[in-house]
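Presented below is the structure to which this report refers.
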Amino acid sequence: MNIDRTATGALQADVDLLAVPVFESDAPRMGSGARELDAQAAGAISEFIKTSGFKAEKGESLLVPRALVGESLTARQILLVGLGKSETVDLQRLREVAATVVRRAKNAKTVGTTLWKLEDSDIDARDAVRAAAEGAGLGAYRFDRYKTSKKDAEGGAGSAKIERFTLVECDVDGADSSLATASAVVDAVCWARDMVNEPASAKAPLVLAEEIAEKARQAGLVAEIWDKNRLEAERLGGVLGVGRGSINEPCLVKLEYIPDDGEAQKPLCLVGKGVVFDSGGLSLKPADGMETMKTDMSGGAAVAAAMAALPRIGAKVRVAGFIPLVENLPSGSATKPGDVLRFRNEKTAEVLNTDAEGRLIMADALALASELQPRAIVDLATLTGACMVALGNKIFGVMANDDGLAEAVLQAASRAGERAWRLPLPEDYKKQIESEVADIKNIGSRYGGALTAGLFLQEFVGEGIPWAHLDIAGPARSESEEFEIPKGGTGVGVRTLLALIESME
Ligand code: BES
Ligand code: ZN
Ligand code: ZN
């Protein structure tokens, strides 16, 4: 989808559907407030709004009969959308309302929206432009690669795929750069969603690695793939141990973004869990627990997609990414409960449950990232069902060894429209992962599973390196369509990572 703007008035908007966002307080006098309509049309529209019961609550929308508008407007359809209360409007509300617009725009290939009057709020106009464009782009996402019939592919009866979204009457200073950034963010999130939604058998570790490396190189990053031989030479025993059960060999993707004059910078390291399918291994999951396990590479997808957007957003920070990719399957060659794996940093772990595989591959990648002596490490992983029990499926957990970094991640998430909550890493819970035979074991007791997983990862972060772990098991996938979030893979984490990097000097 193309995102653009016009600086001219709504009258000339060359779009199939024109949306007009309305605050609750303006709904009663909406018709008369529309300066572009003649008195008769304004009166008729006011009357129509009154009888329809439209209150302009957030997410509410009302299609205005074309005949009421008259010929002064060029758009084929006019849609009023509720912005809710003006006192509480924020950037996320704008994303949600823009997403509502594109979702309601059935039959339209081109959609435009006028900008809302935000004079009374402290929202920066450029941020508002970006948020609206992000919401529209994210809300228009569909994964229809495997739909045969056109009707199904296009999201239901008679609806068309939106080709262009235009902000009408948008003469904000710096709007073009806001739109360019929004487009980069949208493309990144949508690519992450595509990777997540792809069936596991179509994204074997090496296949996905090639796709990531190619896209990354196209975007201007340096990309390298470590195959199984290289993993052996580099002693990544965790990645190899988890990958052993599948005929699809494991690998690791390394990405690097170096900004202009950035060679001397210490990098920020990003690490993403890339389990293309998690059956649980020999500690096999029940059938229903496996249904969504193609989602288990969402952390890796978020890292790849966010990094590919860095050149486009003109990021100033050097960033290195590590994505271990494996398929966790049971077989005659699979790692068995009781086996001991030796990781990149020479530590050993006893594998008591092969379904706690994420921490095993993340361990190697965190150790590898630590060798760069980075300024910080941020990792993303669909790590534990326990985190979903704690926070539900819309909020990800943040565990960190550094308060400043934790706060920066939480703030970035909030600006970006993603929901995060900090969880602790209690020192005394480490007892739970003590092993009789190895340095640590890969499961703790029944309760606090997100925290013991976090404590396990912490063992592989180098001394003195600020580190934050994002357990995205819940929000990586959505069971329902809600504003800018589609069903299926959500691309969670991409927006937070980009907002975090934008905030760093
Ligand atoms: N990939 C899962 C975590 C997960 C579960 C993500 C549900 C999304 C939805 C992870 O590898 C896993 O299976 N974790 C186990 C750990 C346990 C065996 C200690 C879990 O959470 O049950
Ligand atoms: Zn698992
Ligand atoms: Zn997993």
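The values are calculated or read from the model by the stated rules, or taken from the named source; none is laboratory data. Please read all numbers here as calculations on a predicted model, not as lab measurements. Using ideal geometry, Cβ is built from the backbone for each residue, glycine included, and neighbour counts are taken over all protein chains shown.
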Qualifying position, being surrounded by fewer than 23 Cβ atoms within 10 Å (Cβ to Cβ) and over 22 Å from Ala499 (Cα atoms), among Gly281, Gly289: Gly289
Test: Gly321 is within 13 Å of ligand 3 (Cβ to nearest atom), within 32 Å of the chain's Cα centre (by Cα) and in contact (Cβ under 8 Å) with a residue 12 or more places away in the chain: no
Test: residue in region 246-262 that is within 16 Å of ligand 2 (Cβ to nearest atom), surrounded by fewer than 23 Cβ atoms within 10 Å (Cβ to Cβ) and at pLDDT 95 or above: yes
Yes/no for Ser333 being among the hydroxyl-bearing types (Ser, Thr, Tyr), closer than 20 Å to Ala369 by Cα and either touching a residue at least 12 places away in the same chain (Cβ under 8 Å) or crowded, with 23+ Cβ neighbours inside 10 Å (or both): no
Top-ranked residue of region 61-78 - restricted to ones that are within 13 Å of Ala42 (Cα to Cα) and touching a strand residue (DSSP E or B) at 6+ places or on another chain (Cβ under 6 Å), ranked as modelled with the highest pLDDT: Val64
Extreme residue, nearest to ligand 2 (Cβ to nearest atom), among residues of region 318-330 that are farther than 17 Å from Arg359 by Cβ and surrounded by 20 or more Cβ atoms within 10 Å (Cβ to Cβ): Leu329
Unmet requirement for Gln265, which otherwise passes all of (1) out of contact with any Leu (no Cβ under 8 Å at 6 or more places or on another chain); (2) closer than 24 Å to Ser370 by Cβ; (3) within 13 Å of ligand 1 (Cβ to nearest atom); (4) among the polar types (S, T, N, Q): (3)
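Could you check how many residues of region 167-177 are touching a strand residue (DSSP E or B) at 6+ places or on another chain (Cβ under 9 Å) and either in contact (Cβ under 8 Å) with a residue 60 or more places away in the chain or outside any loop (DSSP other than H, G, I, E, B) (or both)? Steps first, please.
Taking region 167-177 and keeping what is touching a strand residue (DSSP E or B) at 6+ places or on another chain (Cβ under 9 Å), we get 167-172, 175-176.
Pick out the ones that are also either in contact (Cβ under 8 Å) with a residue 60 or more places away in the chain or outside any loop (DSSP other than H, G, I, E, B) (or both) and you get 167-171, 175-176.
Qualifying residue count, region 167-177: 7.
Could you tell me which residue of region 199-233 is nearest to the chain's Cα centre (by Cα), considering only residues that are assigned to a strand (DSSP E or B), among the aliphatic types (A, V, I, L, M) and crowded, with 17+ Cβ neighbours inside 10 Å?
Of the residues in region 199-233, the ones assigned to a strand (DSSP E or B) are 222-226.
Those still in the list that are among the aliphatic types (A, V, I, L, M) too: 222-223, 225.
Next, from what is left, pick out any that are crowded, with 17+ Cβ neighbours inside 10 Å: 223, 225.
Working: Ala223: 21, Ile225: 23 Å.
Step by step, filter region 199-233, then rank; the result is Ala223.
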Subset of region 311-346 [out of contact with any strand residue (DSSP E or B) (no Cβ under 8 Å at 6 or more places or on another chain) and within 15 Å of ligand 1 (Cβ to nearest atom)]: Pro330, Ala334
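For region 366-394, name all the residues that are in a helix (DSSP H, G or I) and within 16 Å of ligand 2 (Cβ to nearest atom). Write out each step before concluding.
Going through region 366-394, the residues in a helix (DSSP H, G or I) turn out to be 366-370, 385-391.
Scanning region 366-394 gives Gly385, Ala386, Cys387, Met388, Val389.
Taking Pro374 as the residue in question, decide whether it is more than 25 Å from Arg446 (Cα to Cα), within 15 Å of ligand 1 (Cβ to nearest atom) and touching a strand residue (DSSP E or B) at 6+ places or on another chain (Cβ under 8 Å).
Values: more than 25 Å from Arg446 (Cα to Cα): yes; within 15 Å of ligand 1 (Cβ to nearest atom): no; touching a strand residue (DSSP E or B) at 6+ places or on another chain (Cβ under 8 Å): yes.
For Pro374, the condition - more than 25 Å from Arg446 (Cα to Cα), within 15 Å of ligand 1 (Cβ to nearest atom) and touching a strand residue (DSSP E or B) at 6+ places or on another chain (Cβ under 8 Å) - is not met.
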Val242 touching a residue at least 24 places away in the same chain (Cβ under 8 Å), under 29 Å from the mean Cα position of the chain (by Cα) and assigned to a helix (DSSP H, G or I): yes
Test result for Asp379, within 23 Å of Ile501 (Cβ to Cβ), at pLDDT 95 or above and within 16 Å of ligand 3 (Cβ to nearest atom): yes
Which numbered condition Val196 fails, given (1) buried (at least 21 other Cβ atoms within 10 Å of the Cβ); (2) farther than 20 Å from Ala476 by Cα: (2)
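Scanning region 263-278 for residues that are more than 19 Å from Glu198 (Cα to Cα) and crowded, with 21+ Cβ neighbours inside 10 Å, which turns out farthest from ligand 3 (Cβ to nearest atom)?
Pro267
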Residue pairs meeting the criteria (Cβ under 8 Å; at least 6 apart or on separate chains; first among the β-branched types (Val, Ile, Thr), in region 458-475; second within 16 Å of ligand 1 (Cβ to nearest atom) and in a strand (DSSP E or B)): Ile472/Leu380; Ile472/Ala381; Ile472/Phe396
Odd one out for Met362, checked against (1) within 19 Å of Gly385 (Cβ to Cβ); (2) among the hydrophobic types (A, V, I, L, M, F, W, C); (3) away from ligand 3 (no atom under 16 Å from the Cβ): (3)
Matching residues in region 301-316 - criterion: being surrounded by fewer than 24 Cβ atoms within 10 Å (Cβ to Cβ) and in contact (Cβ under 8 Å) with a residue 60 or more places away in the chain: Pro311, Arg312, Ile313, Ala315, Lys316
Selection count where residues are over 27 Å from Asn229 (Cβ atoms), of a type outside the set (Asp, Glu), in a loop (DSSP other than H, G, I, E, B) and more than 16 Å from ligand 2 (Cβ to nearest atom), scope region 263-291: 3
